[in-house]
Amino acid sequence: MRNQFIKTALPAMCIIFGACEEYLGEKPNSALAIPGSVKDYQALVDYQLRMNQIYPAAGDVAADYYFLNDADWANIREESRATYIWDAHVENEADWLAAYLKIFYANVILEGVDEASLDGLHESDRRNVKGSGYFLRGWLFYHLAQLFAQPYAADQESNEYGIPLRMTSDINEPTRRATVGDTYRQIEADLKAAARLLPPLAVLATRPSKAAAYAALGRLYLVMERYEEALAYADSCLAIQPQLLDYNALDTLANNAFGALNAEVLFDAVLDGAPLAHDPARARVDTNLYRLYQHDDLRLSIFYASRPDGSLQFKGSYEGTNLGIFSGLATDEVYLIKAEALIRLGQWQSGLRVLDDLLRTRWRVGKYTPMSAENEEEALSLVLQERQKELAFRGGIRWSDLRRLNKDERFRITLTRVVNGEVYNLPPGDPRYTFLIPSTVIGPSGINQNPR
């Protein structure tokens with residue numbers, strides 16, 4: 001086993017990836033310094049501050065489901081201000097560092113767990129920990145690809161603007177960009193390896209599981225427009241965990257109606273909402289989004305609350321409080337993946353029935369009318385609208401949807417912000433849909449920057 005002195009390695013890693021001392025703050029405690037047993041590696045998986053929290057947030061800050069008034073925009077951190085108006089030069093270094101730190105931990109797990117002592121545990125525990133390492137690495141590569149790699153297209157896999165694929169915890173390994181195709185193949189390989197090793201469900205959804213890996217693969221294949229595989233993995237996930245919350249049983253007046261780790265959560269992960277532009281204390285829900293909901297849709301009162309100034313505030317995070325934004329995986333998303341995949345494969349009536357299964361749990365009892373459409377295109381518009389309504393404020397999903405839908409003339413849109421009387425636009429296909437790699441990485445490594 002290659003013992004990794006994590007406390008010692010981190011400062012050097014910060015030099016490679018940028019000056020992260022101030023951002024990282026707390027160092028891993030000494031109990032995690034030298035993993036020697038499977039139990040130690042499980043502790044790394046369970047180290048929530050690193051593995052379940054502080055997920056990349058730039059996609060949510062840049063998304064179109066909220067707006068800020070001028071005073072609130074002026075009082076958020078500079079990086080968030082720039083991201084909110086799609087500044088061409090914003091680097092989002094904090095997202096980069098936080099994600100690659102998690103990948104560093106995942107690589108530590110994958111390099112050492114095979115030779116670790118069982119110390120009273122079983123080989124099934126070793127497989128579980130190893131599967132967790134693969135899941136976390138693939139899941140973080142996916143999040144990074146949605147921000148720092150150019151959008152995936154099957155006919156442009158050789159595009160050189162993928163992400164660096166850190167496959168080892170060796171901080172001396174040179175940093176090189178993979179192609180977009182290789183980036184997505186590695187995400188696919190890691191998540192499939194995770195699915196082979198993990199148990200169907202975890203003891204707690206803070207740990208990865210086979211169902212979570214299947215859900216992540218469904219999301220990946222939807223972005224890649226490989227709809228047969230998206231459907232297959234959505235089905236595999238729902239065969240293990242099909243449960244949906246009945247919103248009729250929730251308290252619509254609660255500050256947040258969802259308990260932590262509610263029954264739909266497959267894998268729990270959270271954005272750190274407090275310092276960000278879309279902090280519920282600041283973010284005002286886009287009125288165009290709010291108007292999409294109908295009167296008897298319970299999401300109106302469960303997701304949103306009125307503010308004193310008459311604007312609306314989001315209060316429906318599956319994270320269980322309003323202090324952060326849920327960035328994990330949940331069964332409601334998987335139903336939407338399945339419905340869209342069926343529709344895009346020509347089975348649009350079946351896709352609408354899947355959509356009905358989800359929406360019946362979101363409407364007042366006895367008030368829901370099954371979805372109907374005249375053709376496949378109309379059905380597709382319905383499911384995409386439901387994604388927008390169900391998955392708002394959901395950890396980067398909307399940003400990924402905007403990137404993929406920009407390629408389709410039927411669904412592409414121009415985003416608009418107004419700050420201090422100045423209008424900012426983000427047209428479809430704009431290079432700013434891919435964020436710059438931090439200059440602290442570009443300088444030492446010499447890798448190519450994303451185009452502007």
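Candidates are the residues of segment 313-331 that are out of contact with any Pro (no Cβ under 7 Å at 6 or more places or on another chain) and surrounded by fewer than 20 Cβ atoms within 10 Å (Cβ to Cβ); the one that is nearest to residue 260 (Cα to Cα) is 320. Among the numbered conditions (1) open to solvent by 60 Å² or more (accessible area, probe 1.4 Å); (2) under 27 Å from residue 176 (Cβ atoms), the only one that residue 420 does not meet is (2). Only residues that are over 22 Å from residue 432 (Cβ atoms) and of a type in the set (D, E, K, R) were counted in segment 73-119, giving 5. Can you pull out the residues in segment 179-194 that are buried (at least 20 other Cβ atoms within 10 Å of the Cβ) and of a type outside the set (D, E, K, R)? Passing the criteria: 180, 183, 184, 186, 187, 191, 194. Output the residues belonging to segment 283-299 that are open to solvent by 30 Å² or more (accessible area, probe 1.4 Å) and aliphatic (A, V, I, L, M). Passing the criteria: only 292. Only one entry in 163, 109 is over 19 Å from the mean Cα position of the chain (by Cα) and modelled with pLDDT of 95 or more, namely 109. Return the residues of segment 236-260 that are farther than 23 Å from residue 320 by Cα and open to solvent by 60 Å² or more (accessible area, probe 1.4 Å); say none if nothing qualifies. If the condition is that a residue be farther than 23 Å from residue 320 by Cα and open to solvent by 60 Å² or more (accessible area, probe 1.4 Å), then 239 is the only one that fits. Among residues that are surrounded by fewer than 23 Cβ atoms within 10 Å (Cβ to Cβ), under 20 Å from residue 394 (Cα atoms) and touching a residue at least 60 places away in the same chain (Cβ under 8 Å), residue 60 is not included.
Looking only at residues in segment 63-79 that are open to solvent by less than 40 Å² (accessible area, probe 1.4 Å), assigned to a loop (DSSP other than H, G, I, E, B) and out of contact with any strand residue (DSSP E or B) (no Cβ under 8 Å at 6 or more places or on another chain), the one that is modelled with the lowest pLDDT is 76. Restricting to segment 338-382, and then to whatever is among the aromatic types (Phe, Trp, Tyr) and in contact with an Asp or Glu (Cβ under 7 Å, 6 or more places away or on another chain), can you tell me which residue is surrounded by the most Cβ atoms within 10 Å (Cβ to Cβ)? The qualifying residue surrounded by the most Cβ atoms within 10 Å (Cβ to Cβ) is 348. Residues that are more than 15 Å from the chain's Cα centre (by Cα), among the hydroxyl-bearing types (Ser, Thr, Tyr) and farther than 13 Å from residue 52 by Cα within segment 132-157 comprise 134, 152, listed in sequence order. If you go through segment 127-161 and keep only what is open to solvent by 30 Å² or more (accessible area, probe 1.4 Å) and basic (Lys, Arg), you end up with 127, 130.
The values are calculated or read from the model by the stated rules, or taken from the named source; none is laboratory data. Note that the coordinates shown come from a computational prediction; the quantities given were computed from them, not determined experimentally. No Cβ is skipped: glycine too gets one built from the backbone with ideal geometry, and neighbour counts run over all protein chains shown. The area values use the complete protein model at the heavy-atom level, side chains included, leaving out ligands, DNA and RNA. Shrake-Rupley method; radii C 1.70, N 1.55, O 1.52, S 1.80 Å.
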